[in-house]
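Chemist: Below you'll find the structure I mean.
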Amino acid sequence: MVTLSEFNSTAGDRLRPDLLTCCDVPAWVDSLLADRPYADIDGLLARADELAGALTGADVNRALAAHPRIGERVSGTGTGSAWSRQEQAGVGQDAAVSAQLLDGNRAYEQRFGRVFLICATGLSAEQILTNLRERLTNDDAAEAAVVAGELRKIAVLRLRKVFEQ
């Protein structure tokens, strides 16, 4: 956990690993650090959201590579693994729904060429599955916008965790 004062004054190299865990886009991290000091956490989160809204397609693809598939057991002891397990807490409790999610993930990856990403915090497996099925009907541009929005939500949610741990 870090306080806002510590965030504002700590060397960027020390904060970078946690920030990359929030959103694995170096330009996003660099901008967030360059804009210090922040007057309050809400201002920092608003800036993080704004910066995440400006991510390029290449940025989004890079960040997606750091996210596990929905419904897969996340291993590892790092912060990102722990956060993924927390975020997907509502997934995997029903074997039938889990199997449908795995099938949906495969269909999504075949359709769009990337992992299905959703801000899963607070969602049940059924809600995620419904969302996945609906998004399979999107055209490429619409889905790219949805993915960017979901990544944006996750980045801000995870950044908040940096201060709440």
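Chemist: Which residue, of 25, 60, 29, is in contact with an Asp or Glu (Cβ under 8 Å, 6 or more places away or on another chain) and touching a residue at least 12 places away in the same chain (Cβ under 8 Å)?
Modeler: Just one listed residue meets the conditions, 25.
Chemist: While we're looking at this one, here's another question. Before we move on, is residue 143 closer than 16 Å to residue 59 by Cα, touching a helix residue (DSSP H, G or I) at 6+ places or on another chain (Cβ under 9 Å), at pLDDT 95 or above and acidic (Asp, Glu)?
Modeler: So residue 143 fits the description; yes.
Chemist: Quick check on residue 47: is it over 20 Å from the mean Cα position of the chain (by Cα) and not aliphatic (A, V, I, L, M)?
Modeler: It is false that residue 47 is over 20 Å from the mean Cα position of the chain (by Cα) and not aliphatic (A, V, I, L, M).
Chemist: For residue 136, work out the one condition from (1) farther than 15 Å from residue 67 by Cβ; (2) free of Cβ contacts under 8 Å to residues at least 12 places away in the same chain; (3) not small (Gly, Ala, Ser) it doesn't fulfil.
Modeler: So residue 136 meets the others, but not (2).
Chemist: Next question, about the same structure. All but one of (1) under 30 Å from residue 3 (Cα atoms); (2) modelled with pLDDT of 85 or more hold for residue 126, so report the exception by its number.
Modeler: Tallying (1) under 30 Å from residue 3 (Cα atoms); (2) modelled with pLDDT of 85 or more, residue 126 fails exactly one: (1).
Chemist: To continue, here is another question. Pairs please, first residue from the stretch 114-126 and under 13 Å from residue 101 (Cα atoms), second anywhere and aromatic (Phe, Trp, Tyr), Cβ atoms under 8 Å, 6+ apart in sequence or on different chains.
Modeler: Listed pairs, sorted by first residue: 115/108; 116/108.
The values are calculated or read from the model by the stated rules, or taken from the named source; none is laboratory data. This one's a predicted model, so the numbers in the text were calculated from it and none came from an experiment. All Cβ positions, glycine included, derive from the backbone under ideal geometry; neighbour counts span all protein chains shown.
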